[in-house]
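Notes follow the structure.
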Amino acid sequence: MFIGREKEFNYLLEAFNRTSFEFGVIHGRRRVGKTTLIKEAIKGKNAIYFLAQQANMQMNLEFFSKQYGEFKGMGQIIYGTFYDLFKSIFESKDLIIVIDEFTYLTEVDKSFESMLQGLIDEYKDKSNIKLIISGSEIGMYENLFSHSRPLFNRQTFSLHLKECDYYESALYYKGYSNEDKVRAYAVFGGLPFYLSQIDHSIPLKDNICQLIVAENARFASEVQMLLTSELRSIQEYQSVLQAIHSGSTKLSEIDSKSGINDTSKTIKYVNKLIELEIIEKEHRFMDSPNSKKHLYKIKNNFIAFYYKFIWKHASARIMMESSDFYETFIQDELDDYVSIRFEKMCEQYLIRNFKKRHQIPLIQIGRYWYNSRKEKKDIEIDSCVLTKHGIYVYECKWTNGTVTQSIMEELILKGYELNAISYGAFSKKGFSKTLDDKIYDLISIDEFFI
């Protein structure tokens, strides 16, 4: 079932409809839905989808040749070389060729990229085929198209497929209340593979138990599988992730808490986890990317949930029934966990809707924090938006109380640090009747899913 991804889908259709030669690259982490998107985009078109195998070059050539021959009505022919096969492809008309897991080919034949470069240079001005390559290898795009590689500057477009945001994710579980849609995103994140397994005809608790908590659940070993398939020395990566989850946000803190005690090693682990889109380096709103005022956070909701509730209770998980485990370790703390992830959802909402609400585009968005000398404490503003007219600031409240005038007055005081011109709030339970929505930008979670 194909859900969401409208922007990416239309992007591909536009590329396919152009009359020129196109060489496109689609990349992103495993489970992000690259293959589903590609197959949906080529439906009904003159297209061949080839999944490269982790096998030698001769076997891949045989598979691809037979598939191409059958598509062209020539039977199961076998080309002598990939050069001969691709030369025939480039001489075709109005053809879309997709090669998934492209790096399997380049890994077993170091000359493959140079061969393809030569054919692209020869045919790019006289061919109208669309050649699309895709892959899950982390850093694939940067590696294949770096300045020193043969395919540098040959691509005509690239598409980095990332997790769905809260809105597109909710399309997978339309049957849930808006509150549970927020909770579901905080738990499962935005990878289409995970989302497709959620059954919204049963309570969210049951999905968590059946898909994550139960000893033999579909996603019971998902984090371990991800780490072992992409990384070596997973014990160190596990320690880094647990350190970040437990509140260590600076490199020195992560290094100490993880027990690695060597920041030169720890930063390598951290950077690899950033590359995997598991953690992120968050810069303070309006600061330079080179600023030292940055924090490390777990970016992926599913992994954040895993380290919050599952990893540290591994023994109990084996001993207990899944429903007992949920009621003991998750139930009472779930909304506290959701409140932290809710801030990112509010940011995603503003990215989607800010211009529609205020008739001006946002330029930058993020969190802001500082130490107040006057109040002698750390202050945080949940969401800040830079526009050409000035800065808008927002409070994000996932609590059982309404947002009141006193909360907004406190936000105004915090906003003085940024010379904010407008104030708003997001609320799980709505707003006090005394608040004027003509003065404040007030957004309930019911508006999240309109």
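The condition of being touching a residue at least 60 places away in the same chain (Cβ under 8 Å) and over 30 Å from PHE193 (Cβ atoms) holds for only one of ILE89, ILE120, ILE133, that being ILE120.
Quick one: which helices (runs of 4 or more DSSP H) lie wholly within the range 146-223 and hold at least 3 residues that are under 16 Å from the mean Cα position of the chain (by Cα)? Don't jump to the end; show me each part of the working.
Details: elements: 166-170, 178-188, 192-195, 204-208.
Filter on the range 146-223 gives 166-170, 178-188, 192-195.
Assigned to a loop (DSSP other than H, G, I, E, B) and either surrounded by fewer than 18 Cβ atoms within 10 Å (Cβ to Cβ) or in contact (Cβ under 8 Å) with a residue 12 or more places away in the chain (or both): which single residue out of ASN143, ASN128 fits that description? First the steps, then the outcome.
Numbers: ASN143 fails: assigned to a loop (DSSP other than H, G, I, E, B).
Answer to the selection: ASN128.
For the range 159-176, a residue qualifies if it is modelled with pLDDT of 95 or more and either exposed (fewer than 13 other Cβ atoms within 10 Å of the Cβ) or out of contact with any helix residue (DSSP H, G or I) (no Cβ under 9 Å at 6 or more places or on another chain) (or both), and the qualifying residues are LYS174, GLY175.
The single condition from (1) modelled with pLDDT of 95 or more; (2) in contact with a Phe, Trp or Tyr (Cβ under 6 Å, 6 or more places away or on another chain); (3) among the hydrophobic types (A, V, I, L, M, F, W, C) that PHE145 fails is (1).
How many residues, within the range 50-95, are of a type in the set (Gly, Ala, Ser), in a helix (DSSP H, G or I) and in contact with an Asp or Glu (Cβ under 7 Å, 6 or more places away or on another chain)?
From the range 50-95, those of a type in the set (Gly, Ala, Ser) are 52, 55, 65, 69, 73, 75, 80, 88, 92; that's our starting set.
In the following step, the residues that additionally are in a helix (DSSP H, G or I) were identified as 65, 69, 88.
Filter once more, so that each one left must be in contact with an Asp or Glu (Cβ under 7 Å, 6 or more places away or on another chain): none.
Counting residues in the range 50-95 that are of a type in the set (Gly, Ala, Ser), in a helix (DSSP H, G or I) and in contact with an Asp or Glu (Cβ under 7 Å, 6 or more places away or on another chain) gives 0.
Residues of the range 342-361 that are over 19 Å from the mean Cα position of the chain (by Cα) and crowded, with 18+ Cβ neighbours inside 10 Å: PHE354 alone.
Count of the range 431-450 residues, restricted to those that are surrounded by 13 or more Cβ atoms within 10 Å (Cβ to Cβ) and closer than 17 Å to ASP180 by Cβ, is 5. Residues that are among the charged types (D, E, K, R), over 25 Å from the mean Cα position of the chain (by Cα) and within 22 Å of TRP398 (Cα to Cα) within the range 286-332 comprise GLU327, ASP332, listed in sequence order.
Would you point out which residue out of ALA220, ALA243 is of a type in the set (A, V, I, L, M, F, W, C) and touching a helix residue (DSSP H, G or I) at 6+ places or on another chain (Cβ under 6 Å)?
Values: ALA220 fails: touching a helix residue (DSSP H, G or I) at 6+ places or on another chain (Cβ under 6 Å).
Only one candidate passes the filter, namely ALA243.
So, of the residues in the range 308-333 that are among the hydrophobic types (A, V, I, L, M, F, W, C) and in contact with a Lys or Arg (Cβ under 7 Å, 6 or more places away or on another chain), which turns out to be nearest to PHE219 (Cα to Cα)? Give the steps one after another, and end with the answer.
At the first step, the residues of the range 308-333 found to be among the hydrophobic types (A, V, I, L, M, F, W, C) are 309-311, 314, 316, 318-320, 325, 329-330.
Filter again for in contact with a Lys or Arg (Cβ under 7 Å, 6 or more places away or on another chain), leaving 310, 325.
Details: ILE310: 11, PHE325: 16 Å.
So, considering only residues that are among the hydrophobic types (A, V, I, L, M, F, W, C) and in contact with a Lys or Arg (Cβ under 7 Å, 6 or more places away or on another chain), the one nearest to PHE219 (Cα to Cα) is ILE310.
Of all residues in the range 362-390, those satisfying the criterion of being without any contact (Cβ under 8 Å) to a residue 60 or more places away in the chain and under 27 Å from the mean Cα position of the chain (by Cα) are LEU362, ILE363, GLU380, ASP382, SER383, VAL385, THR387.
Filtering ILE42, ILE38, ILE99 for residues that are in contact with a strand residue (DSSP E or B) (Cβ under 7 Å, 6 or more places away or on another chain), under 22 Å from PRO150 (Cα atoms) and modelled with pLDDT of 95 or more leaves a single hit, ILE99. Scanning the range 2-21 for residues that are in a loop (DSSP other than H, G, I, E, B) and either under 25 Å from GLU91 (Cα atoms) or not small (Gly, Ala, Ser) (or both) yields a count of 7.
Show me the helices (runs of 4 or more DSSP H) entirely contained within the range 300-417 in which 3 or more residues are modelled with pLDDT of 95 or more and hydroxyl-bearing (Ser, Thr, Tyr). Step through it out loud before you land on a result.
Details: elements: 301-305, 314-319, 322-325, 334-358, 405-415.
Qualifying helices (runs of 4 or more DSSP H): 334-358.
Being over 30 Å from LEU386 (Cα atoms) and under 23 Å from the mean Cα position of the chain (by Cα) is true of TYR269. What is the residue count in the range 225-268 for residues that are buried (at least 16 other Cβ atoms within 10 Å of the Cβ), outside any loop (DSSP other than H, G, I, E, B) and of a type in the set (S, T, N, Q)? Of the residues in that region, 5 qualify. Is the range 181-192 home to any residue that is without any contact (Cβ under 8 Å) to a residue 40 or more places away in the chain and either basic (Lys, Arg) or assigned by TED's automatic domain parsing to the domain that holds GLU280 (or both)? No: zero hits. One residue stands out in the range 102-142 among those that are over 25 Å from ILE42 (Cβ atoms) and small (Gly, Ala, Ser): the one that is modelled with the lowest pLDDT, namely GLY139. Can GLU222 be described as assigned by TED's automatic domain parsing to the domain that holds GLU321, of a type in the set (Asp, Glu), surrounded by 19 or more Cβ atoms within 10 Å (Cβ to Cβ) and within 20 Å of TYR337 (Cβ to Cβ)? When the stated conditions are applied, GLU222 passes them.
The single condition from (1) hydrophobic (A, V, I, L, M, F, W, C); (2) closer than 17 Å to ILE298 by Cβ; (3) not assigned by TED's automatic domain parsing to the domain that holds TYR306 that LEU171 fails is (2). Look at MET286 and say whether it is in contact with a Cys (Cβ under 8 Å, 6 or more places away or on another chain) and surrounded by fewer than 14 Cβ atoms within 10 Å (Cβ to Cβ). Considered against the rule, which asks whether it is in contact with a Cys (Cβ under 8 Å, 6 or more places away or on another chain) and surrounded by fewer than 14 Cβ atoms within 10 Å (Cβ to Cβ), MET286 comes out as yes.
The values are calculated or read from the model by the stated rules, or taken from the named source; none is laboratory data. What you see is a predicted model, and the numbers here were worked out from it, not measured in a lab. Here the Cβ is made from the backbone with ideal geometry for all residues, glycine too, and neighbour counts use every protein chain on show.
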